[in-house]
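Chemist: After the C-alpha cells below, expect a handful of questions from me.
No value in this document is a laboratory result; all are computed from the given coordinates. If you're wondering where the values come from, they're calculated on a predicted model, not measured in any experiment. Note that each Cβ is placed from the backbone with ideal geometry, even for glycine, and that neighbours are counted across all protein chains shown.
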Amino acid sequence: MIISIPRERFDGETRVAATPETIRQYISWGFDVQVEQGAGLKADFPDSAYQAAGAKIISDTSALWEKANIILKIWAPLKEEENYISPRQIIVANFQNRKDINTIANKPTTCFALNKIPRISRAQNMDILSSQNNLSGYRAVIEAVNLLPQVVPLMMTAAGTVPPIKFLVLGAGVAGLQAIATAKRLGGQVYALDVRTQAKEQVESLGGKFLQVVDEADFEAADGYAKETSEAYQEKQQQLLNDQLKKNDVVITTALIPNKPAPRLISAKMLGNMKEGGIIIDMAAAEGGNVEGSQNNQTQKINGITLLGNSNLAAKVPNTASTLYARNILNFLKTAYTPDLKDFVFDFSDEIIAKTCICKDGKLQGETL
C-alpha cells in the first residue's frame, strides 16, 4: 500500500498535506510513503526531512500519482491534475475548491472531503476547517496590523496618550473568535457581531464587546453554523453596522453560510462611513465576499480604505498550518486503519466516514458539495 503526497498547485498555496511527523506514523503502520520533490519546501519541510522520516522523494509527478493507492492533498485535484489519477485511488483532501467532481469520480475514485467532517465531539481532532480557520483568524489580525500606520495598544507617554486601535469582527465562528483573541492580546479594543445569540458569551469571554441586533430570532443551523437571516434582521443589522463603522479602525469579516454565497454585510456605500485610513480584511472573498467589491487575493484602495480579500490566510503560516492539517488527516485515517491487515478499511456505517465520502468507487454519494 502506497501513500503519495503531491506538491500543491492551487494558486498561492504553501501548505503540504503530510509532515515528517505524520509520515513516520504511516510508515510504522506498514505503508510506503512517497512525497513529490519540493512538496514541503514552502512550509519549511525540506526533502531531506521527509527522507529522514522514511519517505521516498519522487521527482516525476506522473509516477508519484500512478503508483499511489491513497493520495493526500490540501486541495482536491485541479483540472490539470486529473490526468494523473488512476482507477480505484482514494483521495483525501479539502474539496471546497471544486464545484463538481464528476470528472474525478469517473476515473473511478473514492473521495473523502475533509471539509465535510461532521461537527461531533469525536471528530474534533479531524476538523480541518476548525484547525485552519483558527490560524486564519490569527493571521487576519496580523495582516491588518502590518497595514496600520499606528500602534495597536493604549499608550500613555510624556508626549501624550495614544488611544488603542478599535477592531470590529463580523462573524464569531472559529476564525472570528481567534481574531478577537489575537486583537485583544495586542491591546486592541474589540467589538464583534454574529447572527447566533450563543456567540455572545464566547465573544465576551475573550474580552470583546458583543454587538447585538435587537431581534427575537436566532439564526443558528442545527449543525452549529450560521444560516440565512430574514430581511427584517438584515435591515437592523445594516443600521447597526453603519453606526459602528464610523468608530472602528480595522474590520475583519469572516461570515460564511455553508453551500451558499457569502452574506453581503458591508456595501460600497457603507465604506464611506469608515474612517479614512481604515483597514478591512475580507476572509470570505473567495465566496463572493462580505464586502462589496472585494476580490480574493487582491488589496484595493477604496475612498481611502484599504480592502484586502484573502480566503486562505492559513497559507500565510504554512508550517503551523501544515502540521495541524496533517494531524487532522492522520486522525481521520486512524478511524479506518486495521492493524491485522495493515490496510485501511472504511466503515460506511460510521457517521464520520459516511458524511465525508462524496464519491465511492466512482459513484457520487448524497449531497456531494
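Chemist: Share of antiparallel DSSP beta bridges in segment 25-165, in percent to the nearest 5?
Modeler: Around 20 percent of the beta bridges assigned by DSSP in segment 25-165 are antiparallel ones.
Chemist: Hey, another quick one. Against the longest principal axis of the chain, how steep is helix 128-147, in degrees 0 to 90 to the nearest 10, with axes from Cα atoms?
Modeler: 40
Chemist: Using a 7 Å offset from the Cα along the Cα-to-Cβ direction at both ASN106 and GLU82, what is the distance between the two label points in nm, to one decimal?
Modeler: Distance between label points: 0.6 nm.
Chemist: Express in nm, to one decimal, how much length is gained between SER230 and ILE2 on full extension, taking 0.36 nm for each residue of separation and deducting their alpha carbon distance.
Modeler: Full-extension gain reported as 77.0 nm.
Chemist: Of the peptides 101-111, 311-321, 130-140, how do they stack up when ordered by the mean number of other Cβ atoms within 10 Å, highest first?
Modeler: The most tightly packed comes first, giving 130-140, 311-321, 101-111.
Chemist: As a test of the formula, what do you get for the chain when each DSSP H run with n ≥ 4 contributes -39,500 (n - 2.57) and the sum is divided by the residue count, at 222 nm and rounded to the nearest 500 deg cm²/dmol?
Modeler: Helices in the chain give a 222 nm mean residue ellipticity of -8500 deg cm²/dmol.
Chemist: What does the charge add up to near ASN125, with Lys and Arg as +1, Asp and Glu as -1, over the other residues with Cβ less than 14 Å from its Cβ? Write out the running numbers ahead of the final one.
Modeler: Numbers: positive: ARG119, ARG122, ARG327, LYS334; negative: ASP127.
Combined, the nearby Lys, Arg, Asp and Glu give +3.
Chemist: Within segment 24-115, report the trypsin sites (Lys or Arg not before Pro) that DSSP leaves as loop and that have at most 15 other Cβ atoms within 10 Å.
Modeler: In loop regions of segment 24-115 (DSSP not H, G, I, E or B), the sparsely surrounded trypsin sites (Lys or Arg not before Pro) are LYS67, ARG88, LYS99.
Chemist: Could you give the length gained by full extension between ASN259 and SER28, i.e. 0.36 nm per residue of separation minus their alpha carbon distance, to one decimal place?
Modeler: The span from ASN259 to SER28 would gain 79.3 nm if fully extended.
Chemist: Of all the stretches in the chain, which is the longest one without any exposed loop site, taking GluC sites (Glu not before Pro) in a DSSP loop (any state but H, G, I, E, B) with at most 10 other Cβ atoms within 10 Å?
Modeler: It runs 1-215.
Chemist: For Rg and Dmax of the Cα atoms in Å, which listed value, [x] 28.3, 101; [y] 22.1, 72; [z] 18.7, 55, comes from the coordinates shown?
Modeler: Label of the calculated value: [y].
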